[in-house]
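The values are calculated or read from the model by the stated rules, or taken from the named source; none is laboratory data. Quick caveat: nothing in here was measured; it's all calculated off a predicted structure. Because the Cβ atoms are built from the backbone with ideal geometry, glycine has one as well, and the counts that use them run over all protein chains shown. Accessible surface is based on the protein model in full, side chains and every heavy atom, while ligands, DNA and RNA are left aside. Shrake-Rupley method; radii C 1.70, N 1.55, O 1.52, S 1.80 Å.
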Amino acid sequence: MQWLSVWEITLGNVDRSGLVFALLLVCALALVSTLGAQRVHDLRKLDPVRVKARQLTLWLTSAEPRRSAGKAIEPAACGRVSASPGHAGSTWADCLRALQEPGQPLSGLVNPLQAHGLAVSGRCERQQFATLGSIVIERVTRDPSPGSSGLTRATLSDKQTLDEVLLLHVAVCGPGFSTLDAAEVRF
């Protein structure tokens with residue numbers, strides 16, 4: 001009984017529903033804090049991917065004038081088909097593979113959030129958990145709907161030939177499957 005009287009003195013006239021509310025409030029705050037800390041941790045793990053995405057964006061931007069002029073670029077697999085003798089039929093898959101070789105913008109890229117996840121993907125999708133933590137590269141095109149003047153994004157096909165200028169959307173698939181550091185570049 002001694003403890004009960006101390007309890008009453010400490011809490012005053014708080015009834016059981018007030019105690020339940022206070023307990024639920026403390027639990028909710030602990031949950032929100034834990035989830036927030038996990039999100040910050042995941043965002044910090046994505047820093048190397050964000051740096052690689054920026055490097056890729058800068059490389060695409062700097063390579064575009066040479067590609068547009070029909071001049072060869074390095075790696076040759078990313079040049080226009082007509083400007084790259086011996087690389088006739090270069091595709092986006094060839095270019096992407098070449099960009100991941102040592103000394104290129106995407107060399108050493110791994111997915112920090114998924115051990116077996118994709119390093120580069122065509123979309124950031126909840127249905128494909130392996131895309132979380134990847135660099136997302138999409139092709140931007142005009143909306144084909146009649147009367148529409150907007151742009152749409154679509155997955156860039158591995159078989160896409162590189163004989164034309166492409167408008168690309170580059171981002172990182174972050175926590176909650178939201179895209180981070182989005183940029184649109186001509187390539």
**Study point:** Matching residues, the range 93-129, being modelled with pLDDT under 85 and assigned to a helix (DSSP H, G or I)
**Key:** Phe129
Review point. Is it the case that Arg80 is touching an Asp or Glu at 6+ places or on another chain (Cβ under 7 Å), at pLDDT 80 or above and at negative phi?
Key: no
Study note, to complete from the structure: In the range 148-161, residues that are assigned to a loop (DSSP other than H, G, I, E, B) and modelled with pLDDT of 80 or more total 5
Revision key, fill the gap. In the range 162-187, residues that are within 27 Å of Gln38 (Cβ to Cβ), in a loop (DSSP other than H, G, I, E, B) and open to solvent by 30 Å² or more (accessible area, probe 1.4 Å) total 1
Study note, to complete from the structure: Within the range 121-151, the residues that are acidic (Asp, Glu) and either surrounded by 16 or more Cβ atoms within 10 Å (Cβ to Cβ) or in contact with a Gly (Cβ under 8 Å, 6 or more places away or on another chain) (or both) are Glu138, Asp143
Review point. Got at least one residue in the range 138-147 being at pLDDT 85 or above and under 18 Å from Asp94 (Cα atoms)?
Key: yes
Check your understanding: Within the range 1-38, which residues are open to solvent by less than 100 Å² (accessible area, probe 1.4 Å), more than 30 Å from Ile135 (Cα to Cα) and modelled with pLDDT of 85 or more?
Key -> Leu25, Val26, Cys27, Ala28, Ala30
Check your understanding: Looking at the range 39-81, which of its residues are crowded, with 17+ Cβ neighbours inside 10 Å and part of a helix (DSSP H, G or I)?
Key -> Val49, Lys52, Ala53, Leu56, Thr57, Trp59, Leu60, Ala63, Glu64, Arg67, Ala77, Cys78
